[in-house]
1. If SER60 passes every condition in (1) outside any loop (DSSP other than H, G, I, E, B); (2) over 18 Å from the mean Cα position of the chain (by Cα) but one, which one does it miss?
2. Among SER148, SER127, which is the only one that is open to solvent by 10 Å² or more (accessible area, probe 1.4 Å), under 19 Å from the mean Cα position of the chain (by Cα) and in contact (Cβ under 8 Å) with a residue 40 or more places away in the chain?
3. Are any of the residues in region 100-108 open to solvent by 70 Å² or more (accessible area, probe 1.4 Å) and among the polar types (S, T, N, Q)?
4. Is it the case that some residue within region 132-140 is open to solvent by 70 Å² or more (accessible area, probe 1.4 Å), in contact with a helix residue (DSSP H, G or I) (Cβ under 6 Å, 6 or more places away or on another chain), within 21 Å of PHE193 (Cα to Cα) and not aliphatic (A, V, I, L, M)?
5. For region 239-281, give me the residue count where each residue is open to solvent by 50 Å² or more (accessible area, probe 1.4 Å) and modelled with pLDDT of 95 or more.
6. Among the residues of region 80-110, write down those that are aliphatic (A, V, I, L, M) and part of a loop (DSSP other than H, G, I, E, B).
7. Take the residues in region 215-224 that are closer than 20 Å to ALA143 by Cβ and either open to solvent by 60 Å² or more (accessible area, probe 1.4 Å) or part of a strand (DSSP E or B) (or both); name whichever of them is modelled with the lowest pLDDT.
8. Identify all residues within region 135-150 that are part of a strand (DSSP E or B) and under 18 Å from TYR173 (Cβ atoms); write none if there are none.
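The values are calculated or read from the model by the stated rules, or taken from the named source; none is laboratory data. In this text the structure is predicted, and so the values were computed from the model without any measurement. Here the Cβ positions follow ideal geometry from the backbone for every residue, glycine too, while neighbour counts run over all protein chains shown. When the accessible area is computed, the model is the full protein with side chains, heavy atoms only, and any ligands, DNA or RNA have been set aside. Shrake-Rupley method; radii C 1.70, N 1.55, O 1.52, S 1.80 Å.
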Amino acid sequence: MKKGFFGLPEVRGGRFFGLAFHSRFGRILGLAALLILAPLFASCSKAGKKTELTVLAAASLTDVCAGIKDLYQKENPNVELFFSFGGSGALQAQIEAGAPCDVFVSAAKKQMDALVKKNLMESGSVSKLLQNQVVLILPKNSAQKISSFEELSSPAVKLVAVGEPQSVPVGQYAKAVCESLGIWNVVSARANFASDVRTALSWVEEEACDCGIVYATDAAFSQKVRVVATAPEGSCPPVIYPVGVVAASGHKEAARAFIDFLHSDKAAAVFKKAGFKMADK
């Protein structure tokens, strides 16, 4: 076939997008149409491609984020959310190591502040999202007579499920509560340290530990434990969950839009149903 402009087949008495071109002028017109329409086809192709957002979130958000994901993707069909859950310290380490992600939701300010200090979070994107409470739990059918945090020093308590204080926020809060009551030395000697709050919860569910210190929302989720006490007011810092855009994100605009949604009334209804309180921004 004879080649025409830019190596394209020369059209003689043929058709271009249903239009007949029988002259040199017609061929030029057809080429012009192709050049004009090409960007449109490219944009249509891009429009059909979903933006994939990776969210690193504290383990205590595992259940509630399933509802958040469904709601957000229903309203934003061009966005697909991928969640990875774990201890906030472990997630912090992943971001520091350059793991590809877009949004980070921590269960404490300590991990978020460390990332901000290293310029690993987008400037000005971090805000307070949620608030939780620290509680003391027992296996549902436990015969233990514990009814307060102070009683963790009782000789009857042999093993306590606690988050690792250096990297797990619930462990940091547990340590603060026990230190305020003057019993941390005793409790730490009896502690079975967990890598995240869900692991601590599972140990109590399985009766591998006599009791455990977890968040109120985790305890509410489980059918196998019961709450016997809430941390005394002022015994630990407020349990605040900050959220922000990871500086290395390749989808910052979409990440900011998702965080805006997390602060919305629709998302708040999902969080509150799970037992969380919305924090001040």
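1. Going through (1) outside any loop (DSSP other than H, G, I, E, B); (2) over 18 Å from the mean Cα position of the chain (by Cα) one by one, SER60 breaks only (2).
2. Numbers: SER148 fails: under 19 Å from the mean Cα position of the chain (by Cα).
Testing whether each residue is open to solvent by 10 Å² or more (accessible area, probe 1.4 Å), under 19 Å from the mean Cα position of the chain (by Cα) and in contact (Cβ under 8 Å) with a residue 40 or more places away in the chain leaves just SER127.
3. From region 100-108, those open to solvent by 70 Å² or more (accessible area, probe 1.4 Å) are 100; that's our starting set.
Remaining after also requiring among the polar types (S, T, N, Q): none.
The answer is no, given that none of the residues of region 100-108 is open to solvent by 70 Å² or more (accessible area, probe 1.4 Å) and among the polar types (S, T, N, Q).
4. Of all residues in region 132-140, those open to solvent by 70 Å² or more (accessible area, probe 1.4 Å) come to 133, 140.
Subset that is in contact with a helix residue (DSSP H, G or I) (Cβ under 6 Å, 6 or more places away or on another chain): 133.
With the extra rule that they be within 21 Å of PHE193 (Cα to Cα), the set shrinks to 133.
From the residues that got through so far, the ones that are not aliphatic (A, V, I, L, M) too are 133.
Yes, region 132-140 contains at least one residue that is open to solvent by 70 Å² or more (accessible area, probe 1.4 Å), in contact with a helix residue (DSSP H, G or I) (Cβ under 6 Å, 6 or more places away or on another chain), within 21 Å of PHE193 (Cα to Cα) and not aliphatic (A, V, I, L, M).
5. Just the residues of region 239-281 that are open to solvent by 50 Å² or more (accessible area, probe 1.4 Å), to begin with: 248, 250-253, 256, 260, 265-266, 269, 272-273, 277-278, 280-281.
Keeping just the survivors that are modelled with pLDDT of 95 or more gives 248, 250-253, 256, 260, 265-266, 269, 272-273, 277-278.
The number of residues fulfilling the criteria is 14.
6. Of the residues in region 80-110, the ones aliphatic (A, V, I, L, M) are 81, 90-91, 93, 95, 97, 99, 103, 105, 107-108.
If the condition is that a residue be aliphatic (A, V, I, L, M) and part of a loop (DSSP other than H, G, I, E, B), then ALA97, ALA99, ALA107, ALA108 are the ones that fit.
7. Filtering region 215-224 for residues closer than 20 Å to ALA143 by Cβ gives 219, 222-224.
With the extra rule that they be either open to solvent by 60 Å² or more (accessible area, probe 1.4 Å) or part of a strand (DSSP E or B) (or both), the set shrinks to 223-224.
On the way: GLN223: 95, LYS224: 98.
Among those that are closer than 20 Å to ALA143 by Cβ and either open to solvent by 60 Å² or more (accessible area, probe 1.4 Å) or part of a strand (DSSP E or B) (or both), it is GLN223.
8. Step one: list which residues in region 135-150 are part of a strand (DSSP E or B), which gives 135-139.
Passing the criteria: VAL135, LEU136, ILE137.
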